[in-house]
Amino acid sequence: MGLALPVALLGLFALGLPIAIHLLRRKDLPKLTLPTVVLLGRATATSRRRLQLRDVWLLALRLLLLALVVFAIASPFVTTRAAFDDGHRSSVAIVLDDSMSMWTQDGENGTRIEDAVALAVRTIEALPTGSEVSLVFAGHPARLVAERSDATEPALRVLRTLPETSARGSDLPGAVDLARRSLSAARHDRRLLVLSDFAVHANPRSIAWPERGVQVAIERLGAEDTPNRAVLEAEGAPDPTTPGQVSVRLLLRTPHHEDDGVANAIVIEDESGEVLAEGTAQATGPTTALTLHVPAQATPVAFARWKETSGDELLPADDRRPLMLQPPAAIRALLVDGDPHPTPTRDEVGWFARALESPAAGRVGRVRHRIIDADRFGADDLGEVDVVVLANAIPTARASAALRRFVEAGGGLLIAMGQKMDGPTLTRRLGRAAIARVQPARTVDEAIVAEGAGILEFGNARIRRLYELDPNTDATVVARTGNGSPVLIEGRVGLGRVAMLATTLDDAGTDLPYHPGYVALAHELCGRLSSGRTAPSQRIEAGAPSEPPEGATHVRLPNGERVELAGPFTETYASGVYEWRDADDEVRGRFIVAPPAAESDLRTAALPELPPETVTESGGRSRRPLAPWLFLLAGATLLAEGITRLRRPKPA
Amino acid sequence: MSPPRRAAAREVDSAPEVLDPGVAARARALSFRATRAVEGLLSGQHRSPHRGASVVFVEHREYRPGDEPRLIDWRAFARTDRHMIKRFEQETQLRALLLRDESGSMAFGGCVPPKHETDEGRRKDDHAAELLAAFALLLIHQGDAVGVAGFGDGLEGDIVRPRSRAAHLDLVFRRLAVRADANRGRASTGLHRSLVEALEPAGRRGLVVIASDLLDLSPDALAPIAQLHARGHMVIVLHVLHSDELELPDVGAARFEGLEDEARVEADTHTARAQYAEEIERFLEDARLRCTAAGARYELAPTHVPVERVLARLLRRSRAGWSR
């Protein structure tokens, strides 16, 4: 129970008014003399009590009336533990956010998801017989888990069998859209209940609420702006400088970076819990990067976790993050040759191909490549490829669309410039996969300088023909010319990575191919760009289906359970390492599901603005205003007061 | 002159006429005969316990030495051969003491505008004074001695001893013109003490007329009446009450206050009138029973009933004999 306008309670001071009037009125009784007052006193022992009682009753009624009006103005409401429990038969769509952040342990009765499930169950059970219920989960991807039906048991069963953990991202807008569609042609009054933590990553502002005719109730679960320490990213890549060693680049969420006493020690451990490496990040901001080096392992799976708990680990799923220390298979590169030539040294991708064919010192894996002429490059060529190298080539529109999807699904793309490169056309066809706008070329003579403490080595290579690149905001400049123009930029697009080289891949625009570092550069670029794709089964998004490899019969889940395979494997909701296994229970491959970094951000977003004409309640705990009842009661009290006043004898 | 007496004198000067001339004329036409033997100094028209020379034969008695020979009844001697003398009643004048209640409650003249024309603005003490004045006029007119005293918590003020001269009537009237003072400290009615104190000035075998509202509810308040009766007095109690006391006016809710420091009562007369009527009826009946039990003659004298009517009823009942 609460008050929408508690300041109105100040009006209770007015209760003194009828009391004062009552006392004054008592003094106002006419004074009459009567010698036989003793006899009158005997006679009125009963009636006097009645008169006093009536006066007190009148006073009580007036006080009650005033108090009722004051309380009614204060707009009291009761919060019921179930939404839409007004007894009306209705068609209710429940959107329940089952993204990872809902497993944060700051709910009223445990985790946020437990509170949400309890609310949903209560709401369903409170519905009168004949009501319809549909259930939509808002974890990515949004899915309708219980179709609209007047049988509530399926929805309740789904709620009762919710998994114990999740690494799903949020798709609240998609879920609301699904729920809205599930309510179309509903038989009763349409109602929508949304149960979510409405954290910033849920992007509630982009929710398209139903138009008219749907009552919406939303419930924010969990505390506001809960601080959360998390391992946001952990990627292992072979260390080019130290053979047999893997560099693990970590990105940490450090909410208490301003507190000196908080240690951000990180441990890399293998599956058996043996510590492979550990280090401490010097937190300087809300996120902190840290690179640790671990020996290449026979088992490529490892975990990055906090060494010590600090009390900010309310979301366990993001405190221990799985990672692959090395790709399990060779990187497959497709070199799209924009200027084929029989002589390898004059071919556009000749130098690059020969660099990939050369054994790179310190590289754990190797890169297999295939060359295709640009005019023959099509969507069908992306089937078994991890990295595509566009060398002085712009694909056709159809191939470009396929290439965009390829990158967003985790593929790598290297775009090298050349005489045939046309910036506007490239940008138009590749869309966001083109991470920089390409300006016309100009002739220069400048050295290539690696940006920061990068692992790419350019030696004293120089650049002669430079295509000016204007990188997008989320792209990173890896190397520049001496006067600051970007030479190599890199950026994420979807699950994949894209790099753009501001000069040619051969020796037409740079002398880089003549330098020994070119081989390492070629391998490193392919390795980096294929990080989201190398071995297609290496890392997938939570909830995404995964195709089993040949011979696999079942999957061993991160919690050790065994799931028999029958088509694509879809139970990829939990964070951890999944193993494909054959009939002999031998491991045929692995993939990891890492929690989405955005889910670790538990800051609270502003509640979405609801169209007022469609909203009758706010909150899964429905708010029932009591003011109308209080006004009704006040009216009855006024009536009773009037009757009592009329029956009261008039003073002389 | 003591301060109360000076106050009383001022009261008299400003007092209205005690007795209405019309009432006085009608009172002169009435006569009162004592129903008990009385003792007076002078001869009168009332029966005396002593034998005298009246024409009313009482008994024969055997002659004893010292008796006057002229009283011998020779006819009886002839019949009985014994010397017998005839005895006749002695008729004497009446000594009346009029006691007027002058307590605070007698200053009551109604709590609302009067509903009876006859008691418009009429206070109980004025009504009592007129009753007693009429009685005094009647008695003195027939040659009886009349005295007056006032009482509250005891006998108060001047006591006018009984005299029978016509000039004495003025003194009686002036004494009766002293009004009860409602503001003199809320004097309470002390009937018992007042009547005990009245034993002495009342003397023996006379008439005592008490005009009071009898608002002394103590159990022994009227006990001295029996003493007066035992001393041979004929006691008449005129129970003076205002019409607003007899019938509570319908004024609605009000705060009622007594005139003698009684506790205040807030009452709604709409609902209280019926119970009050029962209470006042019980009070009147109780007063009547206690008076008659003590040997007094009780007459209710409401302020709205004219004085001559009360007086006529009193005298009529006196002749017919009092109901006990």
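The values are calculated or read from the model by the stated rules, or taken from the named source; none is laboratory data. Please read all numbers here as calculations on a predicted model, not as lab measurements. Cβ placement follows ideal geometry from the backbone for every residue including glycine, while neighbour counts extend to all protein chains displayed.
Exactly one residue out of B:Arg288, B:Arg316 is away from chain A (no Cβ under 11 Å), surrounded by fewer than 17 Cβ atoms within 10 Å (Cβ to Cβ) and charged (D, E, K, R), and it is B:Arg316.
Are any of the residues in the range B:232-241 within 11 Å of chain A (Cβ to nearest Cβ), under 31 Å from the mean Cα position of the chain (by Cα) and surrounded by 18 or more Cβ atoms within 10 Å (Cβ to Cβ)? Yes, the range B:232-241 has at least one match. The residue list A:Ala20, A:Ala82, A:Ala4 contains one member that is away from chain B (no Cβ under 14 Å), modelled with pLDDT under 80 and surrounded by fewer than 17 Cβ atoms within 10 Å (Cβ to Cβ), which is A:Ala4. If you go through the range B:270-282 and keep only what is facing another protein chain (nearest Cβ under 9 Å) and surrounded by fewer than 22 Cβ atoms within 10 Å (Cβ to Cβ), you end up with B:His270, B:Thr271, B:Arg273, B:Ala274, B:Gln275, B:Ala277, B:Glu278, B:Glu279, B:Ile280, B:Arg282.
Which residues, taken from the range A:400-446, are farther than 22 Å from A:Leu334 by Cα and buried (at least 16 other Cβ atoms within 10 Å of the Cβ)? Within the range A:400-446, A:Val438, A:Ala441, A:Val444, A:Glu446 meet the criteria. Under 7 Å by Cβ, and 6 or more places apart or on different chains, what pairs join a residue from the range B:189-201 that is within 17 Å of B:Glu260 (Cα to Cα) with one that is surrounded by fewer than 22 Cβ atoms within 10 Å (Cβ to Cβ) and among the hydrophobic types (A, V, I, L, M, F, W, C)? That search, which allows pairs on different chains as well, returns B:Leu191/B:Ala221; B:His192/B:Ala221; B:His192/B:Ala223; B:Ser194/B:Leu155. Among the numbered conditions (1) under 29 Å from A:Ala237 (Cα atoms); (2) buried (at least 16 other Cβ atoms within 10 Å of the Cβ), the only one that A:Asn460 does not meet is (2).
Being modelled with pLDDT under 85, of a type in the set (A, V, I, L, M, F, W, C) and buried (at least 20 other Cβ atoms within 10 Å of the Cβ), is that true of even one residue in the range A:62-75? No, the range A:62-75 has no match at all.
Are any residues in the range A:161-209 more than 22 Å from the chain's Cα centre (by Cα) and either surrounded by 18 or more Cβ atoms within 10 Å (Cβ to Cβ) or not hydroxyl-bearing (Ser, Thr, Tyr) (or both), and if so, which ones? Show your work before the answer.
So in the range A:161-209, the residues more than 22 Å from the chain's Cα centre (by Cα) come out as A:161, A:181-191.
Of everything in the range A:161-209, those that are more than 22 Å from the chain's Cα centre (by Cα) and either surrounded by 18 or more Cβ atoms within 10 Å (Cβ to Cβ) or not hydroxyl-bearing (Ser, Thr, Tyr) (or both) turn out to be A:Arg181, A:Ser182, A:Leu183, A:Ala185, A:Ala186, A:Arg187, A:His188, A:Asp189, A:Arg190, A:Arg191.
Taken over the range B:184-231, the criterion of being more than 14 Å from chain A (Cβ to nearest Cβ), touching a Gly at 6+ places or on another chain (Cβ under 6 Å) and buried (at least 24 other Cβ atoms within 10 Å of the Cβ) is satisfied by B:Ser194 alone. Of the strands (runs of 3 or more DSSP E) lying entirely inside the range A:267-307, those containing at least 2 residues that are surrounded by fewer than 17 Cβ atoms within 10 Å (Cβ to Cβ) are A:275-281, A:287-295. Tallying residues that are in contact with a Ser or Thr (Cβ under 6 Å, 6 or more places away or on another chain), away from chain A (no Cβ under 14 Å) and modelled with pLDDT of 85 or more within the range B:74-128 yields 0.
Tallying residues that are at pLDDT 85 or above and either assigned to a loop (DSSP other than H, G, I, E, B) or surrounded by 18 or more Cβ atoms within 10 Å (Cβ to Cβ) (or both) within the range A:333-371 yields 22. Could you grab me the full set of residues in the range B:257-269 that are without any contact (Cβ under 8 Å) to a residue 24 or more places away in the chain and more than 7 Å from chain A (Cβ to nearest Cβ)? B:Arg264, B:Thr269 - these are the residues of the range B:257-269 that are without any contact (Cβ under 8 Å) to a residue 24 or more places away in the chain and more than 7 Å from chain A (Cβ to nearest Cβ).
Examine the range B:156-170 for a residue that is more than 26 Å from B:Asp20 (Cβ to Cβ), more than 15 Å from the chain's Cα centre (by Cα) and polar (S, T, N, Q), and state whether such a residue exists. No.
Taking the range B:140-202 as the region of interest, the helices (runs of 4 or more DSSP H) fully inside it that hold 1 or more residues being at pLDDT 85 or above are B:168-176, B:191-197.
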